[in-house]
Structures are given as C-alpha cells and as structure tokens.
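Asks: Mind having a look at this structure? Questions to follow.
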Amino acid sequence: MMDNQIQNEDIYTLAPHHRFQWEEAQSSYVILFPEGMVKLHGGAGEVIKRLDGKATVGDVVADLKATFPDAENIEKDIIGMYELALSKTWIRKV
Amino acid sequence: MTQASLGESVVQKTIHATQAQNNGVAASATQTQPLWLLAEVTYRCPLHCAFCYNPTDYDKHTQNELTTEQWIQALRDARKLGAIQLGISGGEPLLRDDIEEIVVEAKKLGYYSNLITSGVGLTEKRIQAFKDGGLDHIQLSMHDITEEINNFITNTKTFELKKKVAAMIKGHGYPMVLNVVIHRYNIGHMKEILEMADALGAEYIELANTQYYGWSLVNRSQLMPTKEQVDEAERITNEFREKSGSKMKIFFVVPDYFSDRPKKCMNGWGEVFMIVTANGDVLPCHSARVLPNMQFPNVKDTDLGWSWKDSPAFNKYRGDSWMKEPCRTCSEKENDLGGCRCQSFLLTGDAEAADPVCSKSPHHHLIEQAILDSRNPAIAAQPIVFRNDKNSKKIIAGELNDRVDEFHALP
C-alpha cells in the first residue's frame with residue numbers, strides 16, 4: 001500500500017468536514033466530524049495541531065522534536081499518528 | 001426522526017474514541033459528561049412515518065414548546081457541562097422558524113452541529129442561512145429507492161422532494177449524511193439503496209434497522225423483517241463495502257430483536273447522552289418518559305447541571321448497582337449494562353429486569369413471540385397506525401387500546 005506510506009516531504013491537512021479544537025471540559029484536543037468525535041491524548045493532539053496544509057511531515061517531526069527535546073523515539077510515534085489519522089480518514093494529503 | 005441514528009451507533013462510535021467510564025456512582029463524582037446533546041425542538045412533523053420512535057402521545061407536547069431564548073439558554077448550559085455534538089431534531093425541526101438563530105448560537109458556543117431533517121421545509125434561503133450561521137452538517141432521512149415505498153411508509157408524497165433536497169445539501173458544500181430506517185418494506189432494496197446513496201455522493205449512510213419504541217412498537221408486527229432478510233441485508237452491505245471502492249462510510253445498525261444479547265443502550269444511562277425535549281424535559285434517552293415513578297427534570301424549572309449530575313432520575317440507572325438477577329452476577333454485564341430500561345419496562349413491566357432481548361432473560365419468550373407474531377399473516381395484516389395528530393389523539397383517548405394493551409406503558 002504505497003499510498004498510505006507517510007513520506008517526509010508529504011503535506012497533510014484535516015479532512016473536509018472535520019474540525020479540530022481544544023475542549024476545556026475534557027482538557028484535551030478533539031476531532032469532530034459528522035456522527036462522531038475523537039478525543040486525542042496529549043501527543044496525538046500536538047501532531048494534528050500542526051497540520052496546517054503547509055508543514056511537511058519532516059517539518060512537523062522537527063518542530064515536535066524541538067518542542068519536546070526530552071521525548072524519546074518521538075519520530076516513530078508521530079508517523080504512527082499520521083498513519084492512524086489517515087486510516088481513519090481524519091486527515092488527507094494535500 | 002429516527003431513533004437508531006442517535007440511540008446506538010453514534011453513541012458507540014463516540015465511546016470507542018473517548019472511553020467514557022462510570023463505575024456506578026453519581027456523575028458529580030465521576031468524569032461523566034453529556035457529550036451529545038439532542039435538542040428535540042418540536043414534535044410537529046409533516047411526515048407520518050410508521051417507524052417513528054417519538055412518543056405516541058406527542059400530541060400533548062405540541063402546544064408547550066420551549067421558546068428560542070429557552071433553547072439558547074439550554075445550549076449554553078449544556079456546553080458548560082461538556083456537550084459538544086449537537087443534534088437538532090424533532091419531529092421536523094424546520095417547522096420552527098428560529099432554527100437559524102439556534103444554529104448561530106451553536107456555532108458561537110463551539111458545538112459541532114447537525115440538523116436532522118426529513119428535508120421538508122428546507123429552502124435555498126434557509127440552507128444558505130444555515131451555512132452562513134455555521135451549521136456543520138445536515139442529516140437527511142431517505143426511505144427507499146421507489147416512490148411507492150417512500151410515500152407509503154411516510155404516508156406523504158415526499159419522494160421527489162427528497163432528491164431535490166439531497167442535491168441542495170451537496171450544492172452547499174455540506175457532507176451528505178443519509179439515514180435510512182430499515183423495515184420489511186425496504187429491506188429487499190438494500191443494494192439499490194446503497195447505489196442510490198453512492199450516486200448522490202453520500203459521505204455517510206446509516207442503515208438503521210428499526211428499533212421498537214413509540215410508533216414503531218405499535219407497528220412492530222407490520223414492520224419487522226425476517227431474520228433471513230436481515231442476514232441478507234447485512235451480507236449485501238458487507239459486499240458493497242468490499243467491492244464498490246466507494247469512499248462512502250456505511251453504518252449498519254443491527255436490530256436487537258435478532259441478536260441474543262441486548263444493546264448497550266445509549267452507552268449507559270446518563271453516561272454521554274442528554275436529550276432536551278420540545279417541552280423542556282431533560283432525558284437520558286429518547287423514550288425514558290415511559291418509565292414509571294420517574295420525575296424527569298425540566299429546563300424551565302431546574303438547572304441543567306443539577307439535572308445531569310444530581311437529579312434522582314439521571315442517577316437511577318447509572319452504573320450497575322440497580323441490577324437484578326440474571327444481570328447482577330452476569331459475567332457479561334459490563335458489555336451491555338443489562339440493555340434498555342425502556343424496552344424492559346414496555347415489554348415485561350419491570351424496568352430493572354434484564355432486557356428481554358437477552359437469551360438469559362426469563363422474559364426472552366416475549367421477543368420470540370413478537371418475531372412469531374410478525375410472521376403471522378392475521379396479525380401482520382392489521383393496518384399500520386401512522387404517526388399523525390389524529391392517531392396520537394386516539395391513542396391518548398384510549399381508542400387504539402387493542403394495539404397497545406400488551407405493553408406496560410403507552411409506547
């Protein structure tokens with residue numbers, strides 16, 4: 001499945017009809033879409049937050065590494081989140 | 001509107017993502033939040049669908065609807081409690097002329113808002129106002145691919161209108177979310193219904209097998225398909241998913257009468273779901289008012305936070321401490337929380353009994369009998385009682401008692 005492989009130079013953005021927002025009542029980021037919602041735990045929210053339709057996967061990884069210098073093996077988790085979000089169609093490739 | 005759409009699959013979908021939990025204590029001591037708010041803004045409806053879950057005595061609640069200001073206040077209060085997905089439903093919500101104002105407020109408050117409609121009353125002018133106001137999506141009910149069945153089951157001539165409205169929704173850049181309630185009269189057209197949805201460009205379609213509450217319970221013997229038909233419909237749905245290459249997401253809501261374990265109704269009483277009805281009653285599920293000895297709060301006289309967290313009604317069936325045998329010691333009780341309290345009461349007369357859908361229930365024979373009745377030509381040939389004001393008045397007056405007397409409350 002080459003289509004689903006996350007490449008460093010790829011750019012992703014939120015899929016149409018999806019909304020990403022901070023929910024104070026739950027102290028977490030959520031993705032909202034017709035008929036459903038997903039609560040994102042810490043790291044996952046940080047990844048989605050950075051998908052502005054301009055930043056490449058490489059940019060996002062670099063930014064997160066800089067923001068969380070103590071986190072180990074972060075790149076694998078970030079790519080994992082991209083893969084999950086893509087398989088759930090929360091995001092799309094620009 | 002359709003009960004299954006919000007009553008089951010949607011709640012389950014939410015939960016997979018949020019892992020809301022409650023260990024059997026009051027919401028004030030847990031993280032329980034009403035993530036889903038369903039605003040049943042009116043029970044008036046131009047359609048007369050035989051499968052409607054609305055209360056059969058809805059005619060009592062058509063003269064005392066909440067005002068625009070009361071709805072806006074309820075939206076604000078629910079948002080503070082953590083409500084985020086808003087369904088604007090009915091009846092037919094478009095019969096109110098203030099939906100535009102409600103939509104604007106919902107947007108301002110940060111809700112993801114959904115108008116659940118038959119499409120009757122949706123005009124270019126109104127949909128443009130909804131778009132400008134920030135309504136996030138519109139869920140349109142469809143009934144069949146044939147004009148004959150659409151018009152028959154809704155008891156109205158609305159087939160052409162549905163197609164027009166579908167195009168209007170798409171034309172305004174909304175996701176196409178279709179809901180099709182499945183029953184004896186359309187279950188044989190599953191493939192064609194899926195093809196129609198795909199051709200309309202639907203992003204989501206919910207195939208909601210009828211659940212038996214309200215008008216659909218009165219018409220249960222007339223609406224229920226056979227087990228073989230349900231299995232075939234599911235097979236066709238799965239085949240379509242695999243083969244079509246369609247991007248359409250398909251939700252198939254399994255009918256509980258044909259499974260041997262009950263549904264985890266509303267994902268648990270007072271867990272994630274809150275309904276405010278046309279007259280302001282605050283309920284944990286669509287049909288809770290059938291339950292005896294329950295005083296449900298009303299937004300006109302109580303605070304929504306108290307209603308959700310502390311009212312006796314919302315705490316009554318939270319968790320599992322209320323359970324009786326066989327549920328109490330059942331190893332599977334966490335899976336379904338004993339099923340649906342309303343279904344238990346309507347069919348057995350005891351809201352705390354196991355949902356009779358469960359094969360472990362001592363009342364399971366009631367479900368088996370209902371399935372047999374639906375295959376009995378003499379019973380199935382009784383006329384459908386369509387959902388309309390005249391029939392609601394008759395049911396309130398006791399004139400249709402022969403159709404409801406086997407139930408322990410007016411459905």
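Asks: Could you pull out the residue among B:ILE84, B:ILE138, B:ILE88 that is more than 21 Å from B:VAL299 (Cα to Cα), crowded, with 22+ Cβ neighbours inside 10 Å, within 14 Å of chain A (Cβ to nearest Cβ) and in contact with a strand residue (DSSP E or B) (Cβ under 9 Å, 6 or more places away or on another chain)? Let's see the steps before the verdict.
Replies: Details: B:ILE84 fails: more than 21 Å from B:VAL299 (Cα to Cα); B:ILE88 fails: more than 21 Å from B:VAL299 (Cα to Cα).
One residue alone meets the criteria, B:ILE138.
Asks: From B:ASP320, B:ASP350, grab the single residue that is in contact with a Ser or Thr (Cβ under 9 Å, 6 or more places away or on another chain), part of a loop (DSSP other than H, G, I, E, B) and of a type in the set (Asp, Glu). Talk me through it step by step, then tell me what you get.
Replies: Details: B:ASP320 fails: in contact with a Ser or Thr (Cβ under 9 Å, 6 or more places away or on another chain).
Going through B:ASP320, B:ASP350 in turn, just one is in contact with a Ser or Thr (Cβ under 9 Å, 6 or more places away or on another chain), part of a loop (DSSP other than H, G, I, E, B) and of a type in the set (Asp, Glu): B:ASP350.
Asks: With the requirement that a residue be open to solvent by 40 Å² or more (accessible area, probe 1.4 Å) and assigned to a loop (DSSP other than H, G, I, E, B), what does region B:66-79 give you? Spell out the reasoning first.
Replies: Within region B:66-79, the subset open to solvent by 40 Å² or more (accessible area, probe 1.4 Å) is B:67, B:69-70, B:73, B:76, B:79.
The one that is open to solvent by 40 Å² or more (accessible area, probe 1.4 Å) and assigned to a loop (DSSP other than H, G, I, E, B): B:THR67.
A quick yes/no check of all residues on (1) buried (at least 21 other Cβ atoms within 10 Å of the Cβ); (2) among the charged types (D, E, K, R); (3) without any contact (Cβ under 8 Å) to a residue 60 or more places away in the chain:
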{"position": "B:GLU101", "(1), (2), (3)": "no, yes, yes"}
{"position": "B:ARG126", "(1), (2), (3)": "no, yes, yes"}
{"position": "B:ALA167", "(1), (2), (3)": "no, no, yes"}
{"position": "B:MET190", "(1), (2), (3)": "yes, no, yes"}
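Asks: Read through the list (1) farther than 25 Å from B:GLY319 by Cβ; (2) within 10 Å of chain A (Cβ to nearest Cβ); (3) modelled with pLDDT of 90 or more, then give the number of the only condition that B:SER5 fails.
Replies: That leaves (3) as the condition not met.
Asks: Taking only region B:318-340 into account, find how many residues are touching a residue at least 24 places away in the same chain (Cβ under 8 Å), open to solvent by 10 Å² or more (accessible area, probe 1.4 Å) and basic (Lys, Arg).
Replies: 1
Asks: Can you pull out the residues in region B:384-403 that are out of contact with any Leu (no Cβ under 6 Å at 6 or more places or on another chain), under 22 Å from B:PHE152 (Cα atoms) and either at pLDDT below 95 or surrounded by 13 or more Cβ atoms within 10 Å (Cβ to Cβ) (or both)?
Replies: B:ILE384, B:VAL385, B:PHE386, B:ARG387, B:ASN388, B:ASP389, B:ASN391, B:SER392, B:LYS393, B:ILE395, B:LEU400, B:ARG403
Asks: Can you tell me how many residues in region B:347-366 are buried (at least 24 other Cβ atoms within 10 Å of the Cβ) and of a type in the set (Val, Ile, Thr)?
Replies: 1
Asks: Note down all Cβ pairs under 6 Å where the first residue falls in region B:103-117 and is at negative phi, the second is of a type in the set (Asp, Glu) and open to solvent by 10 Å² or more (accessible area, probe 1.4 Å), and they're at least six residues apart or on different chains.
Replies: So the pair list comes out as B:TYR112/B:ASP136; B:SER113/B:ASP136.
Asks: Answer with yes or no whether B:LYS131 is within 30 Å of B:PHE159 (Cα to Cα) and open to solvent by 40 Å² or more (accessible area, probe 1.4 Å). Walk me through how you get there before you give the answer.
Replies: Values: within 30 Å of B:PHE159 (Cα to Cα): yes; open to solvent by 40 Å² or more (accessible area, probe 1.4 Å): yes.
So B:LYS131 fits the description; yes.
Asks: From B:ASN298, B:ASN293, B:ASN279, B:ASN315, grab the single residue that is surrounded by fewer than 24 Cβ atoms within 10 Å (Cβ to Cβ), touching a helix residue (DSSP H, G or I) at 6+ places or on another chain (Cβ under 6 Å) and not hydrophobic (A, V, I, L, M, F, W, C).
Replies: Numbers: B:ASN298 fails: touching a helix residue (DSSP H, G or I) at 6+ places or on another chain (Cβ under 6 Å); B:ASN293 fails: touching a helix residue (DSSP H, G or I) at 6+ places or on another chain (Cβ under 6 Å); B:ASN315 fails: touching a helix residue (DSSP H, G or I) at 6+ places or on another chain (Cβ under 6 Å).
Going through B:ASN298, B:ASN293, B:ASN279, B:ASN315 in turn, just one is surrounded by fewer than 24 Cβ atoms within 10 Å (Cβ to Cβ), touching a helix residue (DSSP H, G or I) at 6+ places or on another chain (Cβ under 6 Å) and not hydrophobic (A, V, I, L, M, F, W, C): B:ASN279.
Asks: Another question about this same structure. Looking at B:MET274, B:MET248, can you tell me which residue is within 14 Å of chain A (Cβ to nearest Cβ), open to solvent by less than 10 Å² (accessible area, probe 1.4 Å) and either touching a strand residue (DSSP E or B) at 6+ places or on another chain (Cβ under 6 Å) or not charged (D, E, K, R) (or both)?
Replies: Working: B:MET248 fails: open to solvent by less than 10 Å² (accessible area, probe 1.4 Å).
Exactly one of B:MET274, B:MET248 is within 14 Å of chain A (Cβ to nearest Cβ), open to solvent by less than 10 Å² (accessible area, probe 1.4 Å) and either touching a strand residue (DSSP E or B) at 6+ places or on another chain (Cβ under 6 Å) or not charged (D, E, K, R) (or both), namely B:MET274.
Asks: Here is a follow-up. Could you go through region B:153-162 and let me know if any residue there is outside any loop (DSSP other than H, G, I, E, B), buried (at least 17 other Cβ atoms within 10 Å of the Cβ) and modelled with pLDDT of 95 or more.
Replies: no
The values are calculated or read from the model by the stated rules, or taken from the named source; none is laboratory data. Owing to the predicted nature of the structure, the values given are computational and were not obtained by experimental measurement. Here Cβ is always computed from backbone atoms with ideal geometry, including for glycine, and neighbour counts include all displayed protein chains. Remember, those area values only see protein heavy atoms, side chains included, never the ligands or the DNA or RNA. Shrake-Rupley method; radii C 1.70, N 1.55, O 1.52, S 1.80 Å.
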